[in-house]
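Just below is one structure, and these are the notes that go with it.
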Amino acid sequence: KTSQRTVRFNSPAHFGLLDLKPLDINKQRKNLTNQLTEGHLGIVLSIVESYEHKGIPTGDLIQEGNLGLIEGISSYVTDHIGTIPDVDDFISYIRHAISQNISNAISLEHTSSRIGNHVADHANRLDKASVELSQDLGRTPTVEELAKFLSISTDEVERIMKMYLDAPNADNAEA
């Protein structure tokens, strides 16, 4: 015979919220979310350990995990009002939310890096070709000359130039 541990997210009355004014209800819900979050921070740390050495600093992984924890708790409580969920189900749910958030952050970081490297590689090839042609021609080469030299279309040269010129602007916009 196994005993089931349960957490009840039944109703506002369960949390003593029924007799409170609307502002008090929101304050109590916030306190509950904070207590659940603080009580499960250890789960974030245990999950983060399995994602270390993936190219993102541990502090960032913890931050993403904490966001996943908060979102998971909020979603779980909302989805399970009126039920008596199992604690193991709750833990599994928030573990999944934490892992998803961390995985998404890693994926986004790696995608951004690949795009950045891809743009840099093309820009470097274009720059080298431009220097070489400038020396040969004694002037700045045209887009058509660069395209012919690199065996790519003029549209591709223009696209690379645009990406190269837009990349620093995107970095400055974030600063």
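Every read-out reported here was derived from the displayed coordinates using simple, explicitly stated rules and does not represent laboratory data. All values reported here derive from a predicted model rather than from experimental measurement. Neighbour counts run over all protein chains shown; Cβ positions are idealised from the backbone, glycine included.
Could you list the residues of the range 80-110 with an amide nitrogen less than 13 Å from a label point located 7 Å from the Cα of T33 in the Cα-to-C-beta direction?
Counting backbone N atoms under 13 Å from the label point, the list is empty.
Give me the one-decimal nm value for the distance between modelled label points at H53 and Q100, 7 Å along each residue's Cα-to-Cβ direction.
2.9
Determine which aspartates and glutamates satisfy two conditions relative to K162: a Cα distance under 18 Å, and not lying fewer than 8 residues away in the same chain.
D121, D127, E144, E145, D171
In the neighborhood of N101, defined by Cβ-to-Cβ distances under 15 Å, what is the net charge if each Lys or Arg adds +1 and each Asp or Glu adds -1?
Values: positive: K54, R95; negative: D60, E64, E71, E109.
My count for the surroundings of N101 gives -2.
Using r as the Cβ-Cβ distance of L41 and E156, and R0 as 41 Å, what FRET efficiency do you calculate, to the nearest 0.05? All intermediate terms of the calculation are to be shown ahead of the outcome.
Numbers: r = 50 Å, r/R0 = 1.21.
It comes out at approximately 0.25.
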